[in-house]
1. With equal scatterers on the alpha carbons only and no solvent term, can you work out the Debye log10 of I(q)/I(0) for region 389-490 at 0.17 1/Å?
2. Please list 673-681, 589-597, 320-328 highest first by mean number of surrounding beta-carbon atoms within 10 Å per residue.
3. Equivalent-ellipsoid semi-axes (√(5λ), Cα gyration tensor) for region 666-717, whole Å, largest first?
4. Students often check this: by mean Cβ neighbours within 10 Å, which of 552-560, 477-485 ranks highest, and how do the rest follow?
5. If you fit an axis through the alpha-carbon atoms of helix 60-71 and take the longest principal axis of the Cα set of the chain, what angle between them do you get, 0 to 90°, nearest 10?
6. Please give the direction-averaged projected area of the C-alpha convex hull for region 49-205, in square nanometres with one decimal.
7. Can you compute the helix-only [θ] at 222 nm over the chain? Use -39500 (n - 2.57) per DSSP H run of at least 4 residues, normalise by all residues, nearest 500 deg cm²/dmol.
8. Of 6/725; 3/725; 173/351; 3/685; 6/685; 685/725, which pairs sit farther than 23 Å apart, going by alpha carbon to alpha carbon?
Amino acid sequence: MDKQLKAQVVFHLTGRHAQGDAAVGSMRPALLAAYRDLDALRYDFPVVLTQGDRNCVQSLSSIVDAALREVAPPGVPGEALRRRGLQVERQVRRLVSAGERGTLGELWGRAVQALAASADGAFLHDVSKVRNALVADGEVADCNGLLPARFLRHAWSAVQKEKARAAQERIGKLLIRLDNILRADYARSEAALAEPVLQASFGAAHHKMFNFDSMSKLLSRVGPRGGLGERRRRRVEESMAALRSQRFFAGPDTPDVHRFEFETADAALAAFRERLPELARLLKALQVAELEVEGAYVENVHDAVFADFDAQSVTPQDLEFFPDYLVCLEAGKPGAQGSLAEALSTGVPLKIVVHVADVLEEAGLGQGQFAFGMRGTQLASAALSLDDVFVLQTAASNLLQLLERVDRGLRYSGPALFSVYAAPEGGALPVYLQAATAMQSRAFPAFSYDPGAGTDLAARFSLENNAQPELDWPVERLDYADQDLQAVSEDVAFTFADFALCDARYLDHFEPAPRAAWGEGMLTAQDWMARPLRDPVLGVPYVLAVDEADLLCRLVVDERLMRAALRCREAWHRLQALGGINDSRAERMLARERQAWEEAHQREVAAAVPSPAAPASVAGSDAPAATSPATPAAAPAVAQAEPARNPDEPYIETIRCSTCNECTQVNPRMFAYNENKQAYIADLKAGTYKQLVEAAESCQLSIIHPGKPWDSSEPGLEELLERAKPFL
Ligand code: SF4
């Protein structure tokens, strides 16, 4: 083993750097080379927390776009105005990413001020036009560690305001109608018809026109007596008192409203339990009031129903009307998650937001089964086992895109868990990019489980908008110039190891490999994971990175991190299966069906081909040709129907492929799927004979036949031919 390979192997196995600290601090995954100046790009962030109910969060760029559409004429005449509007938008983005806070209107003003020094009158005129056309305003929020709680709290407030409005309207209408019942009753009562009261009810101008004493006697004789029985009056009055004194919904007459946001799930649960009798009282008052105003209260029936109405009588459907309890937690903070599972399993409409700041959560040896855990990501997956809990997991960068899902969770009548990843600020990458890479690399994939969406898993579970969900790792094209300045273009997978490279806390797991040491003994992290090697001498894994000067580098990854990457892939496979992708049971069933179909098909072909003796015996005869059974004797005829194969030529028995992705992961350009989603060799020369042999080895059905190498100069052919023998 040469010295450099030996150093790589030692680092991979031990994680000990050959020359002290690794110099990878300024490096980033090669696929992120293009995203150096994020502020210059137009993307989803920052967002504006507007006052709308449904569309309560909008991206800054969408608001500016709408304003520009409004005021800038299409084409060249509007170009200058558009450019100036976008210039201010960019400045707002810069201010926000530098930590400034404020509403869109305020930040717009500050951005214009900052740009005005170098601008002319036309600029000020144009940007003020755009400012006046901005249709939404509100606090501007960037993608940072505060975003998960800020975003969810704002969306939750919008839902609660909507609930409060509807509740106040319902309560207000009932109070008016109940009051009318009491007034009408009083108007018919003896007290109301007494002479002084009758006189007072007329204006002073009429006092001398009528004899109120006679009128009182007359009306008392002919009019109906007070219509409300004592029990009904009490019911109406009690209902009105309960409606007026409720503390669940804010309104002009309810200054002392309960608080619904709590620091911990336990506190929220305790408050819910304490308020339950009060909630039951209000619920009963609402139901009694509604029966009363409709004149549908039947004492014989309803008295018994409402006599025992208490906290036990409240159903989950009843709770939909009431405010939900919000709890914002920081994952990993002592005590924050203590009784989370218990709280979620109570059925109480708690909306719990967990901010996960560390996906990897590197623990010391002896703490748990693995020294390198991923507990933050396991939170939402674990909540899936609680059947009636709404679960949403996503990276902060994806929150705006999942706003509708967030809204569904907040409106769901039961408990909901929102697990959102946002790295702390101060890392090598902006928080937005860091969050996006967590999702892209499957370290923190997005998914949702909505128990209200249907009765089966297919309706309830969604893998949301993860990139290329059918693959283990998303693959993107990387174009660069090699050391001879030749353009190179290759497909690069973005793996869990690439994500770890974006986090300054985990740089110790990488060691730069000098260009002179780039050799056969190195495997991309993706290839390594496709077939983890027991003997690291046969291949150490690396990721492609770029340094500050955008020079391409290879970083060897230590085994500890690669094991975490394998576990991440396993977790992703489980999510894929829940989402109906690469479901191993379904695939096995499919493979069985395909095999059965193929055997039946071969029997049919065998039956259709006449046996060698048959033509002679039936020639010239009117007798129908006898159908040959699918006997071994018919086999040669079937074999003739198959295309003759040159054993030196590689091929796949495509018809038997079970779409397991193993070969396409080895090389997605060499192997591709046909329209039936079954693999074939798309471009033999897009890869090496080594990859062909590896694919044959990893194919569960052994249907890849590598044939003979097409490039006799490929290194290691002797060993590869030996490995290929079982598949020829
Ligand atoms: S490895 Fe085999 S079964 Fe899997 S996709 Fe490739 S050819 Fe099909």
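Read-outs throughout are calculated quantities, based only on the coordinates presented, and are distinct from any laboratory measurement. Please read all numbers here as calculations on a predicted model, not as lab measurements. Don't worry about glycine lacking a Cβ; one is built from the backbone with ideal geometry, like all the others, and counts go over all protein chains shown.
1. Each listed q corresponds, in turn, to -0.84.
2. 320-328, 673-681, 589-597
3. Values: eigenvalues 78, 32, 13 Å².
The answer is 20, 13, 8 Å, longest axis first.
4. Details: 552-560: 21.0, 477-485: 10.2.
Final packing ranking: 552-560, 477-485.
5. It works out to around 70 degrees.
6. Values: hull surface 69.9 nm².
The directionally averaged projection comes out at 17.5 nm².
7. Working: 27 runs with 318 residues, N = 728.
Theoretical 222 nm ellipticity from helices: -13500 deg cm²/dmol.
8. Values: 6/725 30 Å; 3/725 33 Å; 173/351 30 Å; 3/685 32 Å; 6/685 31 Å; 685/725 21 Å.
Cα-Cα > 23 Å for 6/725; 3/725; 173/351; 3/685; 6/685; rest within.
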